[in-house]
Each structure stands twice: as C-alpha cells, then as structure tokens.
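Below is one structure, written out as structure tokens, with a few remarks after it.
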Amino acid sequence: MTTIALVTAISATGHDEDLPPLQSACERAGLTARALAWDDASVGWGRMGAALLRSPWDYTERLPEFMAWCERTAHAVPLLNPLPVIRWNTDKHYLADLAAVGIPVVPTEFVEPDAEPMEALQRFLAAHDAAEFVVKPAVSAGARDTQRYQRSQEFAAGNHLARLLDAGRSALLQPYLPAVDADGETALIHIDGRYSHAIRKGALLKIGDTSPLDPHAFGDIRNREPAEDERRLADQVLAAASRLLKLEQPLLYARIDLLRGADGAPRLLELELTEPSLFFAQAPEAADRLAQALLARLADGTVRTRTDIG
Ligand SMILES: Nc1ncnc2c1ncn2[C@@H]1O[C@H](COP(=O)(O)OP(=O)(O)O)[C@@H](O)[C@H]1O
Ligand SMILES: [Mg+2]
C-alpha cells in the first residue's frame, strides 16, 4: 500500500490539529499516512508515495535549510504542492506579482534589507493616510514578528523595521485595515482547484502588544459563508497564480485570506500554498476531499514526478 508522508516539523509535533482527521481520511481512501517531520534526518523520504506539506511551520526561521530540504525531497518523491509553487509562495513578494497582474492586494510597500528604515517608513506614512499600520517580515507565518502601530509610534515602528532589515530580512509595510476588528479575516480553502469551505479568523494584532503570539494559536476561528465578492476574488487569485506559475494542474490545496479595505471591497492579505491550516475541525468532509484528490493523482500518475519538477 502507498504510504503518504504528512510533513510537519519537530517543533510542531502535536500542534497541527488537521493531522489526525487527514490521517483518518487517507486511511478511508485506502492510503497509509504518516506524520513525519521535515527536519527529522532519519526519515527515508524516497520510500514514500508522496510528501504532502502540512505543518513545517518553523521554515520561516530556517528558510534556506527548508528550501534545501524541499529541493532534495522533490527529487526523491512527489512533493505537494510542487517545488516551484513552494519557492514562490514562501516569500510574500508574491503579493507584488499578483498586484502586477491586477489582483487587489492589501496596499503594501516592500522594504529591502539595504534600505534606510526611517526613510522607508516616512515615505510610507507620507503616501498612506491610515491611522494605523503594520510592520511584518516578508517570510512569515502565524503573525510572528508582525506588529501594529499608530502613526505616533513611528520611532518604535522604525526600530522594529530596522531589526528586521539588520537581520537581512525584507519587510512589508501595510495600512492596518480596521474592518478586521469587526468582521475578521475570511480564509477560503480550495481543494484540487475547487472551493471547499471558509472560516472567519478574528483580528490578531493589538496595539502596543509586543509579546510574541503563540506560534500554534490561531485566535478565534468560526465557520463562515463567504460573500460572493470574496468567492470571486479567491477564484481570480488562484487563476492568476496558476498563470504566473504556468501550472498544468489545479493546486492540490490552497487558502486565500482576505480582508476588506476602506472601500468595503475584499483585498488579498495572503495566499497560502505552502503550509496552510485547512481547518478540518470546521469542515470534516474536506479532509476526505483532500485524501480523494491525492488518491486520484497517485492513481492517474499526474502527481509530478522527479523528472518534471522544474
Ligand atoms: N494590513 C493588515 N490589516 C489588519 N490586520 C492585519 C494586517 N496585516 C496583518 N494583519 C493581522 O495579522 C495577522 C498575520 O498577518 P498575515 O499577513 O496573515 O501574515 P502571516 O499569517 O503569514 O504571519 C493576520 O491574520 C491579521 O489578523
Ligand atoms: Mg496569515
């Protein structure tokens, strides 16, 4: 029987709530699934039928090491989502690619490590009249190193930005979109290219709160029926990503996170194609959808193999 690796991280062991339902769904589909950590050197990846990235959540702190693992693993076993997708999606610069093809993204200024932080911040504040703004690293997950500031907190925000740049990290500056406080964030989950379900995530950032968030905490999660404009934008985002990456197949899994802007229209906050939580607790049947889609790809041989990883 084919064994599927559900890829997590040693430091995430026991924290990925999607793993037990996915493992059961794989078994119902006739697949054996094992949760394995990407950073466990004892794993023989080549013996697996596929490696499905689920919760390698510490990659944000160890990106070169993680990408080297992805490259090696993709040569030994089909990696899902595929390597070119992971290369593109682990750095939020992909938002600029999507904006360039007309996707409405949360207004974003990118600041590169060689920039002068205070200058970059002042330029951003002059160009945006938002009462509050957000500083975040380009490679991030779980709101780590992400903070919300008022305009008057320029000094603290500049220090935060300088810390990121000094560490060689690119950063993003965004207006804080206050609609999140009342409406939360809408995350639309697509499986095998089709809409599956959506959740509402409560606002995560508090003014003046510099304590790191628990990397495994998701905040307040509820089921949500997405609005039509959100469904439409999610479809557009996936179509655009598919064109940009020249994908021949729909993405096995994708999560599109949206916030509403000052004009009330939805905007893309994040496109998660690497290790999104898929919130199976909110939609248990979605785990079966994913397992069945995986099974179908293994059966018809359309899982990308070692010769065409690009
Ligand atoms: N521009 C913004 N306006 C309002 N809230 C934001 C903004 N950017 C981030 N947040 C909050 O911070 C959280 C984490 O930011 P996000 O961009 O999703 O990065 P990641 O999840 O990759 O760390 C979001 O879920 C949201 O609650
Ligand atoms: Mg997020």
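The values are calculated or read from the model by the stated rules, or taken from the named source; none is laboratory data. Treat the numbers as computed from the prediction; the structure is a model and nothing was measured. When we count neighbours, we look across all protein chains shown, and the Cβ atoms used for this are built from the backbone with ideal geometry, even at glycine. Areas reflect the complete protein model, heavy atoms only, side chains present, ligands, DNA and RNA absent. Shrake-Rupley method; radii C 1.70, N 1.55, O 1.52, S 1.80 Å.
What's the magnitude of the charge dipole for the stretch 109-175 around its Cα centre, counting Lys and Arg as +1 and Asp and Glu as -1 at the beta-carbon? Answer in Debye, nearest 20.
On the way: 7 positive and 10 negative charges, 60 e Å.
Using Cβ point charges on Lys, Arg, Asp and Glu, the stretch 109-175 gives about 280 debye.
Within straight-line reach of residue 201, meaning a Cα separation under 20 Å, sit the following lysines at least 8 residues removed in sequence or on another chain: 92, 136. Ligands, DNA and RNA left out, the accessible area of the chain computed with a 1.4 Å probe is 51% carbon and sulfur. Once you reduce the stretch 82-119 and the stretch 222-255 to the center of their Cα atoms, the two points are 18 Å from each other. For residue 206, the aspartates and glutamates whose Cα comes closer than 20 Å to its Cα, not counting residues fewer than 8 places off in the same chain, are 129, 132, 145, 154, 181, 183, 185, 214, 220, 257, 270. For the chain, the longest principal axis of the Cα atoms and the long axis of helix 285-300 meet at an angle of about 60 degrees. Relative to the longest principal axis of the Cα atoms of the chain, helix 154-166 runs at roughly 40 degrees. Treating the angle as unsigned and between 0 and 90°, give the value, to the nearest 10°, between the Cα long axis of helix 117-127 and the longest Cα principal axis of the chain. That helix lies at roughly 80 degrees to the long axis.
Give me the 1.4 Å probe accessible area per residue for the chain, excluding ligands and nucleic acids, in Å².
Working: 13440 Å² over 310 residues.
Value for the chain: 43 Å² per residue.
Ranked by the mean number of other Cβ atoms within 10 Å per residue, highest first, peptides 60-73, 166-179 order as 166-179, 60-73. Helical content of the chain, expressed as a calculated mean residue ellipticity at 222 nm, amounts to -10000 deg cm²/dmol (DSSP H runs of 4 or more residues, -39,500 (n - 2.57) each, divided by residue number, nearest 500). The dipole here belongs to the chain: it is taken about the Cα centre, uses +1 on the Cβ of Lys and Arg and -1 on the Cβ of Asp and Glu, and is about 680 debye.
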